Amino acid sequence: MSKKSISYKGYILLEGLISLGIIGIIVGIFMSSSTFLLSKKAKATDELTLHRILYEEMKGYETYGGAMQKKIEHNGRTYSFYIHKTKDKIDKVVITDGEEQFFLEQK
């Protein structure tokens, strides 16, 4: 009978290093894309909060009247709300949180 001499030492080590490198690349891509998506989600949430507060304040103003300028506390953040009015007509409504600003203008 003939004896087969097979040496897998170097092959197994090389295969392990290649697979570890591929897994590292995949994890790196996943982490960078998830970080980007989380920052995009945070920005969208802040923008949605601005729109929601603006809507609530406008509904309150239309229903009950009130101040043309307000400071609003919501979830630990301070929002400034302004209504610009000329001749009993609302021209512009602005809401800001210090970083972002959103306004509606009537032309």
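The values are calculated or read from the model by the stated rules, or taken from the named source; none is laboratory data. Given the structure is predicted, the values throughout are model-derived calculations rather than measurements. Reconstructed Cβ throughout: ideal geometry from the backbone, glycine too, with neighbour counts over all protein chains shown.
Scanning the stretch 76-94 turns up no residue that is over 16 Å from Glu105 (Cβ atoms), without any contact (Cβ under 8 Å) to a residue 12 or more places away in the chain and outside any loop (DSSP other than H, G, I, E, B).
In the stretch 57-75, how many are under 19 Å from Gln106 (Cβ atoms), acidic (Asp, Glu) and at pLDDT 85 or above? Qualifying residue count for the region: 1. Out of the residues in the stretch 53-107 that are over 22 Å from the mean Cα position of the chain (by Cα) and of a type in the set (Val, Ile, Thr), state the one that is nearest to Lys43 (Cα to Cα). Among those residues, the one meeting the criterion is Val93. The residue that is surrounded by the most Cβ atoms within 10 Å (Cβ to Cβ), among those in the stretch 62-84 that are in contact with a Phe, Trp or Tyr (Cβ under 6 Å, 6 or more places away or on another chain) and of a type outside the set (A, V, I, L, M), is Lys70. As an exercise: evaluate Lys87 against (1) loosely packed, with under 11 Cβ neighbours inside 10 Å; (2) on the phi < 0 side of the Ramachandran plot; (3) modelled with pLDDT under 85 and give the number of the one condition it does not meet. With respect to (1) loosely packed, with under 11 Cβ neighbours inside 10 Å; (2) on the phi < 0 side of the Ramachandran plot; (3) modelled with pLDDT under 85, Lys87 is out only on (2).
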